[in-house]
1. What number in nm² do you get for the chain if you take the convex hull of its Cα atoms and divide its surface by four?
2. Return the Rg/Rh ratio of the stretch 53-147 with Cα-based radii and a Kirkwood Rh.
3. What is the list of residues in the stretch 47-88 whose amide nitrogen lies under 14 Å from a point 7 angstrom out from the Cα of E236, following Cα to Cβ?
4. Set the Förster radius R0 to 35 Å, insert the Cβ-Cβ distance between L127 and S2 as r into 1/(1 + (r/R0)^6), and round the FRET efficiency to 0.05.
5. Could you give the size of the charge dipole of the stretch 48-190 about its Cα centre, using +1 on the Cβ of each K and R and -1 on the Cβ of each D and E, expressed in debye and rounded to the nearest 20?
6. Mind telling me which of A197, A52, A139 comes out most flexible in a GNM of the chain, alpha-carbon contacts under 10 Å?
7. Can you send over the solvent-accessible area of Y208, 1.4 Å probe, protein chains only, in Å² to the nearest 10?
8. Can you run phi through the Karplus equation (6.51, -1.76, 1.60; θ = phi - 60°) for the stretch 179-185 and list ³J(HN,Hα) in whole Hz, with x for Gly and Pro?
Amino acid sequence: MSLDLVELARGCSAIARTAGREILKIYDSDFAVERKQDDSPLTAADLAAHRAIVAGLNVLTPQIPILSEESAEQAAWEVRRQWARYWLVDPLDGTREFVKRNGEFTVNIALIEEQRPVLGVVFAPVLDEMFWAWRGGHAFGQSDQSGKVELRTRPRATPLLVAGSRSHADPRTLAALDKLGPYELKALGSSLKFCRAAQGAVDLYIRYGLTSEWDTAAGQCVLEQAGGGVTQMSGEPLRYNTKDSLLNPDFIAFGDRSFAWTALLQA
């Protein structure tokens, strides 16, 4: 069955805004923070956004299964390995940034087909910035300040402007960057790192350490359709739903596809 990705992107953008409104209701209140089994934070905003997105997607595409961070335990590998197409959702990417109230968190909605993200929507509720893209189309961003603009990555610059995690510093990243020459590190939370690369505002994001598939899929689609790439350290594309674990391997996201990033890192 073929899908109209343009219409789905429009629908998912509306759903992401609905989830964002639910998040902001709690963001502006005195919220409590719980801990999941892996010690990552969980708030009522994560759950409210999850419910809003699932309800919206069930109306938009009732035939397509949904894998959300907040319902991942319900999707056994024996079931989801049969999925050729599914929604991959992080209702609130950057819960640590939410708790810190720095605004750098997002709603991520991606459509996965045959292990690749073919549609991605990223919405930052506090910043009121929306990013969306689909396979074979283009990547776009929209905010009150800029209106709707088409996103394009930029050629590699000197010094490199590198997006780094606010909450997950890793010495391996700094060691890798030393191989790439002069750079400036820009701290960013959530999947905004992919979107800033798609905008041409940064050149690179290197990630060693644990991330989950819902953390990266929507941002990967936006960056790829803007002209960039997201690969494993081997140079192979970052893929989805290939194994029991929902954890990603180490990866690199970049704007300039003409440069051999992974070859230099492995030198």
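The values are calculated or read from the model by the stated rules, or taken from the named source; none is laboratory data. None of the values given here were measured: they were computed from a predicted structure. No Cβ is skipped: glycine too gets one built from the backbone with ideal geometry, and neighbour counts run over all protein chains shown. Surface areas here come from the heavy atoms of the whole protein model, side chains and all, with no ligands, DNA or RNA. Shrake-Rupley method; radii C 1.70, N 1.55, O 1.52, S 1.80 Å.
1. It is 13.5 nm².
2. Radius of gyration relative to Kirkwood radius: 1.00.
3. none
4. 0.55
5. That gives a dipole near 340 debye.
6. Of A197, A52, A139, the Gaussian network model singles out A52 as fluctuating most.
7. Surface open to solvent at Y208 totals about 40 Å².
8. 7, 9, x, x, 8, 10, 9
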